[in-house]
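Student: Quick one: the structure is below, questions incoming.
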Amino acid sequence: MRRSPLSSYHRLLQGVIMKVRPAPLADALKRLLGPPRMPMDTHLGRFSIDPISLLGIALTGEEGYEPEMCSTLQQFLEPGKIFVDLGANEGYFTVIGARLCAPGGRVVAIEPQKRLLAVIDENVKLNNSQCVRVVNAAISDHAGTATFHLTASTNSGGSSLQNPCKYGLPTQEVATLTLGELLDREGLQYVDFMKVDIEGFEYEALLGSPEVFREHRIRSMALDLHPSLIEARGKSCDDILRMLEECGYQITKPFGHWVWTAPAR
């Protein structure tokens, strides 16, 4: 499909608003000027985009959003496979994974932000992605509830269980699950590929369910580590890497992303 161009007005707003700091002030300016979401065709699907956001800017650019991750998904997913999108944000990779896994596959999209659920649903509907299930929860090392910090809509992907900013952010309460509990609730004995991008809480998500990795229920995983956020809590990425290595996972770097793969069955 051919990418839909933005108007010169939207390009002007992108250039002005995205430079405003701090980000909450940019958010307020965006609400005042009111550029709405819009459907846009790309070569990987049709998406409802916020044109004044990092994701929207990337999708309206020449290269698209994270082409390396798109290539990684294409390498590891095919019809009948199972994909878990841990940190789905607006569901971009969820939709791409669903297209690759159909027919016969499954996609579970996990996203804590309630404000994004309608966006994910819209993107799923726009692409007729029938194999997708969306779970509104955060994956951590325990089941319960937690406070989730919401970054500005210009970069909703920066939201986290940990405040990444020096100033206060709006918050919401979110249910937490361990990775093992999630897989069991969804009836997933194994996952062919999991994408993990959860802004520093990959530490709790992975180390909170070591049995999942000892049993190789995750066959391959693209892991986005956030060392500064992890170290700010007095923890170390080395603990994650050590656990994965002890469980027999091997690391490769296709298309620039670190991917951990379980031993061949």
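Student: With Kirkwood's inverse mean 1/r over C-alpha pairs for Rh, give me the Rg to Rh ratio of segment 121-211, two decimals please.
Tutor: 0.99
Student: Just checking my list [x] 18.2, 56; [y] 17.1, 52; [z] 17.8, 60 against Rg and Dmax of the Cα atoms in Å computed from this structure; which label fits?
Tutor: [x]
Student: Same structure again: Once both labels are modelled 7 Å past Cα along the beta-carbon direction, what's the residue 115-residue 243 spacing in nm?
Tutor: Spacing of the two 7 Å Cα→Cβ label points: 3.0 nm.
Student: Could you list the trypsin sites (Lys or Arg not before Pro) in segment 126-200 that lie in coil according to DSSP, counting only those with at most 10 other Cβ atoms within 10 Å of their Cβ?
Tutor: 166
Student: What ratio of Cα Rg to 2.2 N^0.38 Å holds for segment 113-265?
Tutor: Normalised by 2.2 N^0.38 Å, the Cα Rg of segment 113-265 equals 1.07.
Student: From the P(r) of segment 206-253, could you give the percentage of C-alpha pairs in the tail past 14 Å?
Tutor: Value for segment 206-253: 52 percent of Cα pairs lie more than 14 Å apart.
Student: Additional query: Report, to two decimal places, the Cα Rg of segment 26-119 normalised by 2.2 N^0.38 Å (N = number of residues).
Tutor: Dividing the Cα radius of gyration by 2.2 N^0.38 Å gives 1.16.
Student: Among the listed pairs 30/125; 114/195; 114/166; 30/195; 19/235; 166/253, which have their C-alpha atoms separated by more than 28 angstrom in this model?
Tutor: Table pairs above 28 Å Cα-Cα are 30/195; 19/235; 166/253.
Student: Net charge near residue 160, counting Lys/Arg +1 and Asp/Glu -1 over other residues with Cβ under 12 Å of its Cβ?
Tutor: Taking every Cβ under 12 Å from that of residue 160, the sum is -3.
Student: Now for a different question. Under a crude label model (7 Å from the Cα following the beta-carbon direction), how far is residue 8 from residue 190 in nanometres?
Tutor: Between residue 8 and residue 190, the simple spin-label model gives 5.7 nm.
Student: Two decimals, Cα atoms only, Kirkwood Rh: what is Rg/Rh over segment 1-65?
Tutor: The Rg/Rh ratio comes out at 0.98.
All of the numbers you see were taken from the coordinates with simple rules; none came from a lab. For clarity, every value in this text was computed on a predicted model and none was experimentally measured. Here the Cβ is made from the backbone with ideal geometry for all residues, glycine too, and neighbour counts use every protein chain on show.
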